[in-house]
């Protein structure tokens, strides 16, 4: 049985997951209304490849994030989510994202100096502040508004990390308002869909029909904080840093190693064991 609220040592968690994986590729936890965690490479691949029994639309994280609204693409199942992925995908091309680098580096440099001046700090703090700023730039949000977007996304990300449901609902609502205002602005004055994510979503068609307004807003709202995988990857690398010899031996290119990486990734989505991953819908 998996206890996500147990007192797990930061590195001993690897051994704990190794023992769980040796006993069963799927383990059950009773917290948060019950959930199952998939730990082995073969089973993880099966879950990812079979969206009929293994869905996101019921719940895509454990515990449930109590923030209103469906936010494509992660809250939808294939093929429903496909158009919401395809519309902005060309805007992640290398030359466009490379144009964001100077401003992102400047922000990181300022954050690094600020954190170093404190003498003691949370090394994961940049993962709260940098993604929201970068995504605002990516969406062509005016410079005068980026600070407010960054601060709102920062507060929302911190509430998510801390399990602060009230703060998360408040921050999510504010991000929804930002997303609605941005979509309304683009509807009135569209930009080039090849250069602007909101305009690309408004120009997209599903079966010849425009995408529903609220789901376009939900997609923008989902993207604004720039959280999840970027923060998760930073947390994971920091966790590995003190033990560089041990952790790569558990990952690498073998199926077992990739499974170890997958299970740890979903476990430390927020850098804490309290938020496990649910990929199973009971019959």
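The values are calculated or read from the model by the stated rules, or taken from the named source; none is laboratory data. Being a predicted model, the structure only gives us computed values, none of them experimental. A quick note on method: Cβ atoms are made from the backbone with ideal geometry, for glycine too, and the neighbour counts reach across all protein chains shown.
In table form, for the structure just shown:
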| read-out | value |
| --- | --- |
| Failed item in (1) without any contact (Cβ under 8 Å) to a residue 60 or more places away in the chain; (2) not in a helix (DSSP H, G or I), with residue 124 passing the rest | (1) |
| Subset tally (residues that are surrounded by fewer than 18 Cβ atoms within 10 Å (Cβ to Cβ) and out of contact with any helix residue (DSSP H, G or I) (no Cβ under 6 Å at 6 or more places or on another chain)) for the stretch 138-161 | 8 |
| Matching entry among 41, 18, 8 (being modelled with pLDDT under 80 and over 30 Å from residue 214 (Cα atoms)) | 8 |
| Residues located in the stretch 149-167, provided they are without any contact (Cβ under 8 Å) to a residue 24 or more places away in the chain, assigned to a helix (DSSP H, G or I) and within 20 Å of residue 131 (Cβ to Cβ) | 150, 151, 155, 159, 162, 167 |
| Selection status of residue 222, in a helix (DSSP H, G or I) and at pLDDT 55 or above | yes |
| Test set (1) in contact (Cβ under 8 Å) with a residue 12 or more places away in the chain; (2) assigned to a loop (DSSP other than H, G, I, E, B); (3) under 27 Å from residue 64 (Cβ atoms) - residue 140 fails condition number | (3) |
| The stretch 168-198: number of residues that are in a helix (DSSP H, G or I) and either under 19 Å from residue 132 (Cα atoms) or not assigned by TED's automatic domain parsing to the domain that holds residue 153 (or both) | 18 |
| The listed residue being within 19 Å of residue 131 (Cβ to Cβ) and in a loop (DSSP other than H, G, I, E, B), out of 72, 102 | 72 |
| Residues of the stretch 85-99 satisfying the condition of being touching a helix residue (DSSP H, G or I) at 6+ places or on another chain (Cβ under 6 Å) and over 20 Å from residue 132 (Cβ atoms) | 87 |
| Residue 101 vs. criteria surrounded by fewer than 15 Cβ atoms within 10 Å (Cβ to Cβ) and in contact (Cβ under 8 Å) with a residue 60 or more places away in the chain | no |
| Among residues of the stretch 14-67, those that are in a loop (DSSP other than H, G, I, E, B) and surrounded by 15 or more Cβ atoms within 10 Å (Cβ to Cβ), counted | 14 |
| Index of the failed condition, residue 237 passing every other in (1) modelled with pLDDT under 90; (2) more than 18 Å from the chain's Cα centre (by Cα); (3) surrounded by fewer than 20 Cβ atoms within 10 Å (Cβ to Cβ) | (2) |
| Qualifying residue in the stretch 108-127 (condition: under 30 Å from residue 213 (Cα atoms) and exposed (fewer than 13 other Cβ atoms within 10 Å of the Cβ)) | no |
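One line per residue, one yes/no per condition, for (1) closer than 25 Å to residue 204 by Cβ; (2) in the same structural domain as residue 174 (by TED's automatic domain parsing):
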residue: 35; (1), (2): no, no
residue: 60; (1), (2): yes, no
residue: 64; (1), (2): no, no
residue: 74; (1), (2): yes, no
residue: 90; (1), (2): yes, yes
residue: 111; (1), (2): no, yes
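Residue-wise test of (1) touching a residue at least 60 places away in the same chain (Cβ under 8 Å); (2) more than 28 Å from residue 154 (Cα to Cα).
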residue: 172; (1), (2): yes, no
residue: 176; (1), (2): yes, no
residue: 185; (1), (2): no, no
residue: 199; (1), (2): no, no
residue: 211; (1), (2): yes, yes
